[in-house]
Amino acid sequence: MRNMASALIEHKRINTTLAKAKALRQYIEPLVTKAKTNTTHSRRVVFTYLHNKEAVTELFGPVADAVAERPGGYTRVIRTGFRKSDGAEMAMIEFVDFNEVYEGGKSTGTGGGRSRRRRRGGRGGSSTGAETAATQTKKQTPKSDEEE
């Protein structure tokens with residue numbers, strides 16, 4: 001676990017088996033929480049878990065700065081398929097705040113963008129088609145109530 005945790009801290013993303021990734025997530029989340037308070041005691045506690053001075057420096061530097069406002073959930077485990085040789089299920093574990101692909105794709109909610117599309121009715125197509133299908137069902141419902 002020490003070596004995998006040090007590799008994750010230094011590289012921000014590693015590929016391993018799913019079982020090891022889940023175990024590593026439980027091992028490293030408390031260490032990242034400790035790194036949010038930069039005191040001598042917390043550095044020494046983290047060093048007893050990692051035994052790697054470079055990893056501790058990296059953890060208390062850029063990693064702690066990136067996760068400062070996050071309340072938890074610092075890592076993400078993504079399943080990547082099965083290994084060809086023995087069929088073991090593989091996964092990629094990474095720090096959430098260091099993935100530019102996910103961060104760049106999110107909308108900031110400042111407006112000006114398109115609204116979220118939801119599927120309504122049985123027809124596919126544009127959102128105007130979905131709105132007309134919804135209004136037609138509203139018009140049909142009162143008529144069926146009056147007939148009964």
Looking at Ile28, is it within 17 Å of the chain's Cα centre (by Cα), buried (at least 18 other Cβ atoms within 10 Å of the Cβ), of a type in the set (Val, Ile, Thr) and modelled with pLDDT of 95 or more? yes
Selection within the range 54-88 - in contact (Cβ under 8 Å) with a residue 12 or more places away in the chain and charged (D, E, K, R): Glu54, Glu58, Arg70, Arg76, Arg79, Arg83
Filtering the range 31-53 down to residues that are touching a helix residue (DSSP H, G or I) at 6+ places or on another chain (Cβ under 9 Å), surrounded by 16 or more Cβ atoms within 10 Å (Cβ to Cβ) and in contact (Cβ under 8 Å) with a residue 24 or more places away in the chain, which residue is farthest from Ala88 (Cα to Cα)? Lys36
State the number of residues belonging to the range 22-58 that are closer than 17 Å to Gly72 by Cα, part of a helix (DSSP H, G or I) and basic (Lys, Arg). 3
For Thr80, indicate whether it is in a strand (DSSP E or B), within 23 Å of Gln26 (Cβ to Cβ) and among the hydroxyl-bearing types (Ser, Thr, Tyr). yes
Selection within the range 64-77 - touching a Lys or Arg at 6+ places or on another chain (Cβ under 8 Å) and assigned to a helix (DSSP H, G or I): Ala64
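The values are calculated or read from the model by the stated rules, or taken from the named source; none is laboratory data. Quick caveat: nothing in here was measured; it's all calculated off a predicted structure. Neighbour counts run over all protein chains shown; Cβ positions are idealised from the backbone, glycine included.
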